[in-house]
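What follows is a set of notes on a single structure, which appears directly below.
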Amino acid sequence: MARATIKDIALAAKVSPMTVSNVINGRAAKASAETVERINAAIKQLGYTPNLSARALVSNASRMVGVLIPFTETQNALLLDNPFYAEIVSGIETSLRAAGYYMMLSGVGEKGAKLDALSSWNMDALIVLGVYREALYEQLKSRNLPTLLIDSYIDDDHFYRLGIDDERAAFDATSHLIALGHRDIAVVTGVIRADGVVERRVAGYRRALAAAGIALDPALVLSGSVTFDWGDAAAASVAANPRITAAFCTADLIAAGLLAGLHKLGRRIPEDVSVMGFDNLSISTMVYPALTTVDQSIGEKGRLAGNLVASILDKRAAERSTIVPTTIIERDSVARRR
């Protein structure tokens, strides 16, 4: 069946196409209540949906917001492998939809990243997760689009920013373990890159050790990737060092892998090794034992991002920089050192 058009609606409602257009585009005051009722009935009967491309050509606004997730590690499947992205993107889409905007999601490689597709889609704004000062950053800056950076430490007034204080959150997490009597604490993390989230979290770990008078042991800094498999593999290094009584993982996905790996090696959690995560993903309550972790309100963070971009596009007041608070969620994977 052919898609219903404004002309079809006009014919069914016995009005002009211009009258239908006025009603559809919020200018119903130019039509009588009875006319509006007939038009709405025809829209419902014919199953009419607006043509977004045509509307964008007329208004020069697509009401489309692009959400870009750069692949910052070696895995090009990181977009789908990490549930963090699913939770934050869900929050973004929910709030954008409620504000009358639509979302286009794309993963982009950091090498040779091209944003040509954004031009053809006529994006009104962009939301970008975890970008560094690299080729993609330069392309983003060259575009005259409102752009919100999430979890990025690029300090540039061209962009809006939303994130957490990663260094402080990691400091609090490590300090929590120290307060429970742990001193030989491993940190299991992804790739440590300059001016990135992981670097800030490792810096918080280091600061907490220094504040407690504990010397940093480089052998306890285990850096790999933000994946379940890396956490699983890192379990061998943790289990092989009898001094380690606790591990702080800079992502719940890593912590879930570490738990699985330690279980396979016969280690008891938290009796032999306490394990702490970061993110408070839904999986943190699905693993055994349930994971003590840092909650950064991922879904709410996504909703804040969507609302912020909607405010910018609707010409309402919007903060240039927003920091989301974090809290420690205590569950069963961490215990006081005996």
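Data overview
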quantity: Flag for A246 being in contact with a Lys or Arg (Cβ under 8 Å, 6 or more places away or on another chain) and either surrounded by 19 or more Cβ atoms within 10 Å (Cβ to Cβ) or under 22 Å from E87 (Cβ atoms) (or both); calculated: yes
quantity: Filter result for S59 (under 30 Å from L148 (Cβ atoms), at pLDDT 90 or above and of a type in the set (G, A, S)); calculated: no
quantity: Helices (runs of 4 or more DSSP H) wholly inside region 222-338 that include at least 3 residues being closer than 18 Å to I164 by Cα; calculated: 298-313
quantity: Test result for Y85, buried (at least 20 other Cβ atoms within 10 Å of the Cβ) and either more than 30 Å from R206 (Cα to Cα) or at pLDDT below 85 (or both); calculated: no
quantity: Options A203, A208: the member that is closer than 19 Å to V334 by Cα, surrounded by 15 or more Cβ atoms within 10 Å (Cβ to Cβ), touching a helix residue (DSSP H, G or I) at 6+ places or on another chain (Cβ under 9 Å) and not hydroxyl-bearing (S, T, Y); calculated: A208
quantity: Subset of region 261-309 [open to solvent by 30 Å² or more (accessible area, probe 1.4 Å), among the aliphatic types (A, V, I, L, M) and farther than 22 Å from T326 by Cα]; calculated: L265
quantity: Subset tally (residues that are more than 23 Å from V191 (Cβ to Cβ) and more than 18 Å from the chain's Cα centre (by Cα)) for region 123-145; calculated: 7
quantity: Residues satisfying the stated conditions in region 189-210, i.e. in contact (Cβ under 8 Å) with a residue 40 or more places away in the chain and more than 21 Å from the chain's Cα centre (by Cα); calculated: Y205, R207
quantity: Leading residue by the ranking (farthest from F278 (Cα to Cα)) among those in region 158-177 that are aromatic (F, W, Y) and open to solvent by 10 Å² or more (accessible area, probe 1.4 Å); calculated: Y160
quantity: Count of region 141-157 residues which are without any contact (Cβ under 8 Å) to a residue 40 or more places away in the chain and surrounded by fewer than 13 Cβ atoms within 10 Å (Cβ to Cβ); calculated: 3
quantity: Extreme residue, farthest from the chain's Cα centre (by Cα), among residues of region 219-233 that are over 22 Å from Y85 (Cβ atoms) and open to solvent by less than 30 Å² (accessible area, probe 1.4 Å); calculated: L220
quantity: Any hit, region 314-324, residues being buried (at least 20 other Cβ atoms within 10 Å of the Cβ) and modelled with pLDDT of 95 or more; calculated: no
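The values are calculated or read from the model by the stated rules, or taken from the named source; none is laboratory data. Here the structure is a predicted model, which means the values were calculated and not measured. When we count neighbours, we look across all protein chains shown, and the Cβ atoms used for this are built from the backbone with ideal geometry, even at glycine. Just the protein is used for accessible areas: all its heavy atoms, side chains included, with ligands, DNA and RNA removed. Shrake-Rupley method; radii C 1.70, N 1.55, O 1.52, S 1.80 Å.
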